[in-house]
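J.: Submitted below is the structure of interest, expressed as structure tokens.
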Amino acid sequence: MTIIDGKAVSAAVKEEIKSETAKLKEKGITVGLAVILVGDDPASKIYVANKKKACEDLGFVSEEYLLPENTKTSELLELINVLNNEKSINGILCQLPLPKQIDEQTVINAISPLKDVDAFHPSNVGKIMIDDYDFVPCTPAGIMEMLKYYNIEISGKNCVVIGRSNIVGKPMSMLLLHQNGTVTTCHSRTKDLSEYTRKADILVSAVGKANFVTADMVKDGAVVIDVGMNRENGKLCGDVVFDEVSKKASFITPVPGGVGPMTIAMLMKNTLTAAKKQNNI
Ligand code: GUN
């Protein structure tokens, strides 16, 4: 059994981005990311701080906009409009979830698809569907990168994704399908979930419930990817019961140190791609 080292893979990805960013700088081209956080959700604050640090480490221009909890949709749209037209900013990320008075889809739709480094805009979502895209949502992109790094074959394999969110489950299923996996997307209404998961050669869990995936749900030799970011007694843990599932898996991601670091690395990669596209490189 191999524990997939998300920190090592993300470090390799970031190293490449850093050197490309330095080369662009020599040509007078900068790479800039603006991150918007509305309200003071403690988990979101940590994610945003981590994104800012990653930008600084890679030599990106980093702008952070912290707006109060009671921000109106119109105020947020105004800021997005300014950033859409700001040349030094190549990528815009508005941290989700947003406070309840703000309509998330309206905000996502307002971000220029060319600067949509989350790949949440309907135009980018559609491009993923037809396998002709520039940006991929960061979490599924990070998982694909880890599978590639460890030479894990996808073609012809039974791939089961638990979760159907727009951020993870749906794009994950689509990316695995594009690599010729036989993909099943399971969700909260799936009957006899373990009937599906036990057939999975590659199992991706994006449920958000601690201890959800147990050893009896997993096939011997499966590749198990844990997207869960759950807090149990103040400790970060995934969806998978690591101690028992790792005994059956051929590859498994830990939490922390698996998918998490990859998500940020892929956000940086999307931002670099945005900068190159906007400078016709
Ligand atoms: N909240 C949780 N994950 C994400 C993400 O990938 N992007 C944004 N914008 N918000 C999130």
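The values are calculated or read from the model by the stated rules, or taken from the named source; none is laboratory data. Worth saying up front: this structure is predicted, and the values here are computed from it rather than measured. Quick reminder, even Gly has a Cβ in these numbers, built from the backbone with ideal geometry, and neighbours come from all protein chains shown. Note: accessible area is taken over every heavy atom of the protein model, side chains too, but ligands, DNA and RNA are not part of it. Shrake-Rupley method; radii C 1.70, N 1.55, O 1.52, S 1.80 Å.
J.: Cross-link partners among aspartates and glutamates for Lys277, C-alpha distance below 19 Å, same-chain residues fewer than 8 apart left out?
T.: Cross-link targets: Glu16, Glu20, Glu26, Glu86, Asp116, Asp118, Asp131, Asp132, Asp134.
J.: At R0 = 41 Å, how high is the FRET efficiency between Asn85 and Lys7 if r is their beta carbon distance? Nearest 0.05 is fine.
T.: 0.65
J.: Using a 1.4 Å probe on the protein chains only, how many percent of the accessible area of the stretch 94-185 belongs to carbon and sulfur?
T.: 52
J.: When Lys and Arg each count +1 and Asp and Glu each count -1, what net charge do the other residues less than 10 Å away from Ile154, Cβ to Cβ, add up to?
T.: Within the 10 Å Cβ shell, the charges total 0.
J.: Check the straight Cα-Cα distances from Lys72 and name the lysines below 16 Å, setting aside those fewer than 8 residues away within the same chain.
T.: Lys100
J.: According to the Cα gyration tensor, what semi-axes, each the square root of 5 times an eigenvalue, does the equivalent ellipsoid of the stretch 186-235 have, listed from largest to smallest in whole Å?
T.: 20, 13, 9
J.: If you don't mind, another one. Over all pairs of distinct alpha carbons, what does the Kirkwood formula give as the hydrodynamic radius of the stretch 143-210, in Å?
T.: 12.1
J.: Among the listed pairs Lys7/Lys219; Lys199/Lys248; Lys45/Lys87; Lys45/Lys170; Lys127/Lys199, give every one whose C-alpha distance is greater than 21 Å.
T.: Going by Cα-Cα distance, Lys7/Lys219; Lys45/Lys87; Lys45/Lys170; Lys127/Lys199 fall outside the 21 Å limit.
J.: Right, next: Listed highest first by mean packing, meaning other Cβ atoms within 10 Å per residue, what order do 195-201, 220-226 come in?
T.: So the order, starting with the most tightly packed, is 220-226, 195-201.
J.: Sticking to Cα atoms, compute the Rg of the stretch 161-247 to one decimal and its Dmax as the biggest Cα-Cα distance, whole number, in Å.
T.: 12.5, 40
J.: Give me the 1.4 Å probe accessible area per residue for the stretch 1-42, excluding ligands and nucleic acids, in Å².
T.: Accessible surface, normalised per residue, equals 52 Å².
J.: With each run of n ≥ 4 DSSP H residues scored as -39500 (n - 2.57), what mean residue ellipticity at 222 nm is computed for the chain after dividing by its residue count and rounding to the nearest 500 deg cm²/dmol?
T.: -12500 deg cm²/dmol
J.: Going Cα to Cα from Lys52, which lysines come in below 16 Å? Please leave out same-chain ones fewer than 8 positions away.
T.: Lys14, Lys18, Lys269
J.: Specify, per residue and in Å³, the volume enclosed by the convex hull of the alpha carbon atoms belonging to the chain.
T.: Enclosed volume per residue, from the Cα hull, is 126 Å³.
J.: Follow-up question, since we're still on this one. Could you state the accessible area per residue of the stretch 65-172 in Å², with a 1.4 Å probe and every protein chain left in place?
T.: 49
J.: OK, next. Classify the stretch 133-177 as rounded, prolate or oblate from the Cα gyration tensor: take a ≥ b ≥ c as the square roots of its eigenvalues, call it rounded if a/c is under 1.5, otherwise prolate when a/b beats b/c and oblate if not.
T.: oblate
J.: A further question follows. With the cut-off at 1.5 for a/c, could you classify the stretch 1-107 from its C-alpha gyration tensor as rounded, prolate or oblate?
T.: oblate
J.: Ignoring ligands, DNA and RNA, what percent of the accessible area of the stretch 7-79 is carbon or sulfur (1.4 Å)?
T.: 54
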